[in-house]
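*Asks:* I am attaching a structure below and will ask some questions about it afterwards.
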Ligand code: F6P
């Protein structure tokens, strides 16, 4: 292979540039040209395929920096429709005219689906990313636990997962995805910050974290020591929850809850999806989980409790909601993410050159350390070809204590004990660089724009 293409698809993560850096670095060593396609699959849907040469003469362009959050290539949630064979043929023709011999997609499950149809025309591999940490398996045979059941949903069926089995951490496929550690770093810090104000004002703080249907970010947020963690994989039962909140209030006069955006009730209905809409990839956009928990607590605990026992505040005022939102997805990636992302980027390039096809690079946990491996994308699919978000294993969470289980603690420690580098801590000092006050933000998009070629003029 002389030239490969790379694109970053789906929602961004802080570690995407690190993956590109790892890929380009390896390509430089192997004397392979790398062309970066702008804005994920939307770049190949554009007849001009806007693109950037990332390593002219096998030297990385200066904009590539593994400590820079986001992606210099831009990302989008546009995907190639696998059923539209004419479109796929047009996209394949564009990639041919771009002279790329293989395509490296950096993304999650949507990207895996998006790249598969292109695989009939050229070799494709995936370097994983997602803050949700849901691309992978708890163990190899997990996809066979998904079954379809008849339902009145428009497609006529709904998926259900049989209870999983216990497993050892070494069995996990794709132990942690780049972006997850940084998201947890942000969410845990946010809990610590909101904690002291809830503590001072004797309030109940309900903090919502991202993660869609997977409770991994919420679980990791336990580093910020929330009193209660709610995850989508464990249905919210109102009585035990209210009882626990009251016990905590009784003891410490305030409470902090960390709520995953995808939490469900005992009927399996998403609590917050009051006004659910869909993004272009068909993903439900989660909204309102923390508000739903607030409504429940306001209703069950009532004004009298707060006016009588605490302070002259209604339940509505004493219980407040904060969404950490996109701060979890932005900014400088921490060391763990930078390390795993660069290695996975390099591994994906090796895979392309070694003839792997429709595979993904994976991070594996072996004998207390990390290694990099690969897996056929099909191994992630159920028998109908669907890819499911890896659920947070019930063995990682204790629903009685609303906290990580001993195994969940072991999992988190293996990732986070050495996740922060000295430079991560030192970098916080740059916030107050005197120049920040006098220099406007210098966007990398401006420099990248100057490097963009389009198909007819390259
Ligand atoms: O999948 C990553 C993620 O950040 C989810 O945790 C979240 O639900 C979603 O993307 C938000 O997407 P958007 O940025 O498009 O609103």
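Quick note: the coordinates plus some simple rules give every number you see, no bench work behind them. Just so we're clear, the structure is a prediction, and the values are computed from it rather than from any experiment. When we count neighbours, we look across all protein chains shown, and the Cβ atoms used for this are built from the backbone with ideal geometry, even at glycine.
*Asks:* Once the Cα atoms of helix 335-353 and of the chain are each reduced to a long axis, what angle between those two axes, in degrees from 0 to 90 to the nearest 10, is obtained?
*Replies:* On a 0 to 90 degree scale, this one is about 30.
*Asks:* Taking the Cα-to-Cβ direction at residue 401 and at residue 357 and moving 7 Å from each Cα, how far apart do the two end points lie in nm?
*Replies:* Using points 7 Å along Cα→Cβ, the separation is 5.0 nm.
*Asks:* Would you list 313, 142 from fewest to most Cβ contacts within 10 Å?
*Replies:* The most exposed by this proxy come first: 313, 142.
*Asks:* Run through the DSSP bridge list for segment 38-196 and note the antiparallel percent, rounded to the nearest 5.
*Replies:* 55
*Asks:* Does a label point 7 Å from the Cα of residue 413, set along Cα-to-beta-carbon, have any residues of segment 205-222 with amide nitrogen under 19 Å, and which are they?
*Replies:* 219-222
*Asks:* Counting only Cα atoms, I'd like the Rg/Rh figure for the chain, Kirkwood definition for Rh.
*Replies:* 0.99
*Asks:* Further, regarding this structure: Taking 20 °C and 1.002 mPa s as the conditions, I'd like the Stokes-Einstein D for segment 180-329 in µm²/s, using the Kirkwood hydrodynamic radius from alpha carbon pairs.
*Replies:* The calculation lands on 139 µm²/s.
*Asks:* How would you rank 203, 3, going from fewest to most other Cβ atoms within 10 Å of each one's own Cβ?
*Replies:* Going from sparsest to densest Cβ surroundings: 3, 203.
*Asks:* Neighbouring Cβ atoms within 10 Å as the yardstick, rank 105, 214, 258 fewest first.
*Replies:* 214, 105, 258
*Asks:* To the nearest 0.05, what FRET efficiency results for residue 430 and residue 2 with a Förster distance of 35 Å applied to their C-beta separation?
*Replies:* 0.30
*Asks:* Need the full-extension length gain, residue 447 to residue 373, defined as separation in residues times 0.36 nm minus the C-alpha distance. One decimal, nm.
*Replies:* Taking residue 447 through residue 373 to full extension adds about 23.2 nm, to one decimal.
*Asks:* Something else: Return one number: the angle in degrees, 0 to 90 and rounded to the nearest 10, between the long axis of the Cα atoms of helix 16-30 and the longest principal axis of the Cα atoms of the chain.
*Replies:* 30
*Asks:* Counting pairs of alpha carbon atoms under 8 Å apart in space and at least six apart in sequence, what relative contact order in percent does segment 180-329 give?
*Replies:* Once divided by the residue count of segment 180-329, the mean separation gives 29 percent.
*Asks:* Which percentage, to the nearest 5, of the DSSP beta bridges contained in the chain is antiparallel?
*Replies:* Looking only at bridges with both residues in the chain, the antiparallel portion is about 45 percent.
*Asks:* Right, another one. Any idea how far apart residue 170 and residue 84 come out in nm if each label point goes 7 Å out from Cα toward Cβ?
*Replies:* The two pseudo-label positions are separated by 4.7 nm.
*Asks:* Now for a separate question. Antiparallel versus total DSSP beta bridges in segment 180-329: what percent is that, nearest 5?
*Replies:* Roughly 20 percent of the beta bridges in segment 180-329 run antiparallel, per DSSP.
*Asks:* Follow-up question, since we're still on this one. Compute the distance in nm between two label points, each set 7 Å from the Cα along the Cα-to-Cβ direction, one at residue 97 and one at residue 314.
*Replies:* For residue 97 paired with residue 314, the spin-label model returns 6.2 nm.
*Asks:* Then there's this: Set the Förster distance to 25 Å, then compute FRET efficiency between residue 193 and residue 242 from the Cβ-Cβ distance, nearest 0.05.
*Replies:* The formula returns an efficiency of 0.45 here.
*Asks:* Could you please state, rounded to a whole Å, how far the C-alpha centre of segment 199-273 is from the C-alpha centre of segment 332-350?
*Replies:* Here the answer is 32 Å between Cα centres.
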